[in-house]
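Q: There's a structure below that I have some questions on.
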Amino acid sequence: TGMSNNMDAVFTGFSAQTSANMVQDIIDDKFDKRRQGKKDGLEFLVHGPPIGKITTIFVDDMNMPKREVYGAQAPIELLRQWMDHQGWYDRKVRKFKYTTDIVFAGAMGPPGGGKQPVTNRFLRHFNFLSFSDMSDDTLSLLFSTILNRFLNVKGFPPEIQQISESLVMASITTYQECK
């Protein structure tokens, strides 16, 4: 919702088990073949969303793939190949496949807890938006406002509305302990 008629979105998430072949298949399966051609004696394919449309591919947990022995993360290297060359080799027909009219966006947390550091060669292709941790007072104000509004709009009885502050504080305490 909120996107114009000429925009589509593809959502995918990475895990420690995500492979480059899985990522390539997910992306390739979303697009149509547009044409093929020959340049410098090499045949190539061009595919993408329907003509006139642009697709945003959103990758959640982008830094989750496990590192190989030499430190590379194959799914990330595949995406970097697209960003550097606008495509990759089709594994079935063994021709370079350009993918046009797509944009990548991603989300990832700081390294640790299964999340891996990502190379600058990959990160250089992105613009960053980052959020710092919020204080407990800020979290309390934010979630109390949301919860109180919800309880009032839905018409919960006063006994339930009165425990909203305790519920928010217990949730924040649990969050801080887990973090």
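The values are calculated or read from the model by the stated rules, or taken from the named source; none is laboratory data. Treat the numbers as computed from the prediction; the structure is a model and nothing was measured. Note that each Cβ is placed from the backbone with ideal geometry, even for glycine, and that neighbours are counted across all protein chains shown. All accessible areas refer to the heavy atoms of the entire protein, side chains included, with ligands and DNA or RNA removed. Shrake-Rupley method; radii C 1.70, N 1.55, O 1.52, S 1.80 Å.
Q: Tell me which chymotrypsin sites (Phe, Trp or Tyr not before Pro) from segment 46-105 have a DSSP coil assignment and no more than 15 other beta carbons within 10 Å of their own.
A: Working: sites: 58, 70, 82, 88, 89, 96, 98, 104; in loops: 70.
For chymotrypsin sites (Phe, Trp or Tyr not before Pro) across segment 46-105 that sit outside H, G, I, E and B with at most 15 neighbouring Cβ atoms in 10 Å, the list reads 70.
Q: Also, quick follow-up: Karplus couplings for segment 36-52 from phi (6.51 cos²θ - 1.76 cosθ + 1.60, θ = phi - 60°), rounded to Hz, Gly and Pro as x?
A: In residue order, the calculated couplings are 9, x, 9, 9, 6, x, 10, 7, 9, 10, 10, 9, x, x, x, 3, x Hz.
Q: Quick one: in the chain, what % of C-alpha pairs are over 19 Å apart?
A: Details: 10903 of 15931 pairs.
More than 19 Å apart: 68 percent of the Cα pairs in the chain.
Q: Something else about it: Note down the accessible area of residue 93, probe 1.4 Å, to the nearest 10 Å².
A: In the full protein context, residue 93 sits at about 80 Å².
Q: Counting pairs on different chains as well as pairs 8 or more places apart, how many Lys pairs in the chain have Cα atoms under 19 Å apart?
A: Lysine pairs, 8 or more places apart or on different chains, close enough: 16.
Q: Let me ask you something else. Distance from a point 7 Å along Cα→Cβ of residue 70 to each backbone N in segment 95-122: keep the residues under 19 Å and list them by number.
A: Once the point is set 7 Å along Cα→Cβ of residue 70, 117-122 turn out to lie under 19 Å by backbone N, inside segment 95-122.
Q: Taking the mean number of other Cβ atoms within 10 Å as a proxy for protection, how do you rank 122-135, 10-23 from highest to lowest? List each step's numbers first, then the result.
A: Values: 122-135: 9.4, 10-23: 15.6.
Taking the mean over residues of other Cβ atoms within 10 Å, the ranking is 10-23, 122-135.
Q: Using a Gaussian network model of the chain whose springs link C-alpha atoms within less than 10 Å, name the residue from 45, 78, 142 with the highest mean-square fluctuation.
A: Result for the chain, Cα springs under 10 Å: 142 fluctuates most.
Q: Would you kindly state how much longer the chain becomes between residue 136 and residue 29 on full extension, computed as 0.36 nm times their sequence separation minus their alpha carbon distance, in nm to one decimal?
A: Details: separation 107, 0.36 × 107 = 38.52 nm, distance 4.45 nm.
Result for the pair: 34.1 nm of gain on full extension.
Q: Considering only 140, 93, 166, whose Cα is most displaced toward the positive end of the charge dipole of the chain, charges sitting on Cβ of Lys, Arg (+1) and Asp, Glu (-1)?
A: Farthest towards the positive pole: 93.
Q: How would you classify segment 1-79 from its alpha-carbon gyration tensor, with a ≥ b ≥ c the square roots of the eigenvalues: rounded for a/c under 1.5, else prolate if a/b is greater than b/c, otherwise oblate?
A: Oblate, since a/c reaches 1.5 and b/c is not below a/b.
Q: Can I ask one more? Considering only 161, 36, 73, give the residue with the highest GNM mean-square fluctuation for the chain, with springs between Cα atoms whenever their separation is below 10 Å.
A: Most flexible of the set in this elastic network: 161.
Q: Under 5 Å between amide H atoms, partner at least 5 residues away or on a different chain: which partners does residue 54 have, H built in plane at 1.01 Å?
A: So residue 54 has HN proximity to 7, 8.
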